[in-house]
Amino acid sequence: MYAQMTGVALFGLQGMIVQVEVDLANGLPSFDLVGLPDSSVREAKDRVRAALRNSGFDFPLQRITANLAPAGLRKEGAGYDLCLALGILAAGGMMQQPLPEQLAAVAELALDGTLRPVRGMLSLALAAKEQGVKRLLVAAENAREAALVGGVQVYAAGSLREAYEFLNGRKEIAPFAAESAAIAESGGGEDDFSEIKGQPHVKRALEIAAAGSHNVLLIGPPGSGKTMLARRLPTILPPLTEAESLEVTQVYSVSGLLPRGGTMLRARPYRSPHHTISDGGLIGGGTIPKPGEVTLAHGGVLFLDELPEFKKSVLEVLRQPLEDAKVTIARTQATYTFPSRFLLAAAMNPCPCGYYGSNYKPCTCTPLQITRYRSKISGPLLDRIDLHIEVPRVKYHDIKSEACEETSAKIRERVTAARALQHTRLKDRAFPWNAAMTSRDIRLHCRLTPEAESLLEDTFEQLGLSARAYDRILKVARTIADLEGAADLDIAHIAEAIQYRGLDRKFWGE
């Protein structure tokens, strides 16, 4: 006796159709599960056996063989439980109707037969739609998330018994209404640039970073507001597009971090991992890789506070995602790719004690300690950070000032307008913003006036800039010009861009 059910498996960030085949044969009672299952899938045998009995069904005392095809794809998770249970019922002749075609079932089973949600339902529903599946049977808690994908009828069941009666035509379950899958609006939180007193040049630099998607490093003494400024950076970024929102929601769904209710995410992510994080925690990893912090920051901001305190190996693995906007993790069975397009914001002190160059508190560090502290950040990593900004101590009259500071909404308007120019100019590029311009794009779109050309040449020779730093200056200058609506780069644009390369000097702050 044989039966087949359709399930869906997660493969990195994507879904893949899995055929769950069940065969019942005479022989000593046993339950064999094949098809490259991991430990969580193999444990399904005990969950399914208990769920069937506690739902009022007789568990077949026969030799049961269940195969998860394709066999070459490693299976993980508890999402195959419902398929296995329904397949056993069908193979045992307990279904009064044949299992419907073009229907996939995805849910975990509790021991009492209750259906539990699984992570990654949005990716699973997208994969089901792409493979021609018309109907999806899921746990009630997953229904809203699955319904975000149009073109698939989603049926929500609360238990194995309810799913069994629905498939046999004894119980009517209406498709989950697509309009009920409300989309969450971006609240933006309570953080706003209007709360920050003073620091006008830092705000200006962060506006440039947001407008061109430039990575930024904030350098200043403790208490100067570096973290406060970085936390507000997402509030001046343009709103997520529909495609970006779907990508971000997929990432959080696969990671199991999507808010309960399964609504589409509209706010740009902000991730701030602690400096004790491991390579795998930052970049992603595991036997079957899961997204790391760089992927959870996809479409938003990754903030690394106390940058030199991170292990050097952790910082060096940032190179690939910063350059390629994706992370590739190779395993014996397969290679996984996760998106990691984010704006990097980092913060650090100028020295171990934090007061090097301060005029109000003496620095207690030796030159050797300062050199060792700064050398923890490699030159290649610094080359990938476009803006180096000194954040001075906030003065008393700025704190007590009653002047109205500019709001995040006002800054976002200028940022969005500058991004629109870049999208028009770089419309054929995968990432149409200035930070991602290639050398060819720079030659085409960064025309310099003679005075600007002379200034850049002198600076290149005096500071001994690398070719990458030269390109970064031009990209930042292009963004500054876009904020002003200028076509060519003049001396003011280049001069302002050069001042954001402070760490290219031999000694910082000098």
Of the listed pairs 45/171; 197/226; 45/134; 134/171; 197/475, those with alpha carbons more than 22 Å apart are 45/171; 45/134; 197/475
If each part is reduced to its alpha-carbon centroid, segment 227-241 and segment 316-344 end up apart, in Å, by 23
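Does segment 284-370 classify as rounded, prolate or oblate by the C-alpha gyration tensor (a ≥ b ≥ c root eigenvalues; a/c under 1.5 gives rounded; else a/b over b/c gives prolate, otherwise oblate)? Mind dumping the intermediate values first?
Details: a/c = 3.94, a/b = 2.50, b/c = 1.58.
Prolate, because a/c is 1.5 or more and a/b exceeds b/c.
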Which residues qualify? For residue 8, with a placed amide H closer than 5 Å and at least 5 residues away or on another chain, they are 18
With T = 20 °C, eta = 1.002 mPa s and Kirkwood Rh from C-alpha pairs, the Stokes-Einstein D of segment 130-284 in µm²/s is about 112
In the neighbourhood of residue 146 defined by beta carbon distances under 12 Å, the net charge of the other residues (Lys, Arg +1; Asp, Glu -1) is +1
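Among the chymotrypsin sites (Phe, Trp or Tyr not before Pro) in segment 350-408, which ones are in a DSSP loop with at most 10 other Cβ atoms within 10 Å of the Cβ? Mind listing them?
360
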The distance between the Cα centres of segment 192-211 and segment 413-439, in whole Å, is 21
Excluding ligands, DNA and RNA, the carbon-plus-sulfur percentage of the accessible area of the chain with a 1.4 Å probe reads 51
Relative contact order in percent for segment 43-181 (Cα pairs under 8 Å, 6+ apart) equals 22
From DSSP H assignment alone, runs of 4+ in the chain each adding -39500 (n - 2.57), the sum over residues rounded to the nearest 500 puts [θ] at 222 nm at -10000 deg cm²/dmol
Place a point 7 Å from the Cα of residue 166 in the direction of its beta carbon; the residues of segment 1-23 whose amide N falls under 16 Å from it are 6-8
The ³J(HN,Hα) series, computed from each phi in segment 381-386 with the Karplus coefficients 6.51, -1.76 and 1.60 at θ = phi - 60°, rounded to the nearest Hz and given as x for glycine or proline, is 5, 4, 4, 8, 9, 6
Once Lys and Arg are counted +1 and Asp and Glu -1 for all other residues with Cβ under 14 Å from that of residue 428, the total becomes +3
Looks like segment 279-437, by Cα gyration tensor root eigenvalues a ≥ b ≥ c and the a/c under 1.5 rounded cutoff (else prolate when a/b is bigger than b/c, oblate otherwise), is oblate
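Can you check what the net charge comes to around residue 485, using other residues whose Cβ is under 14 Å from the Cβ of residue 485 (Lys, Arg +1; Asp, Glu -1)?
-1
Roughly what % of Cα-Cα distances in the chain sit above 46 Å, to the whole percent?
Tail fraction, whole percent: 27.
The values are calculated or read from the model by the stated rules, or taken from the named source; none is laboratory data. Small disclaimer: the values here were computed from a predicted structure and weren't measured. Because the Cβ atoms are built from the backbone with ideal geometry, glycine has one as well, and the counts that use them run over all protein chains shown. Please note that ligands, DNA and RNA were not included when accessible areas were found on the heavy atoms of the full protein model with its side chains. Shrake-Rupley method; radii C 1.70, N 1.55, O 1.52, S 1.80 Å.
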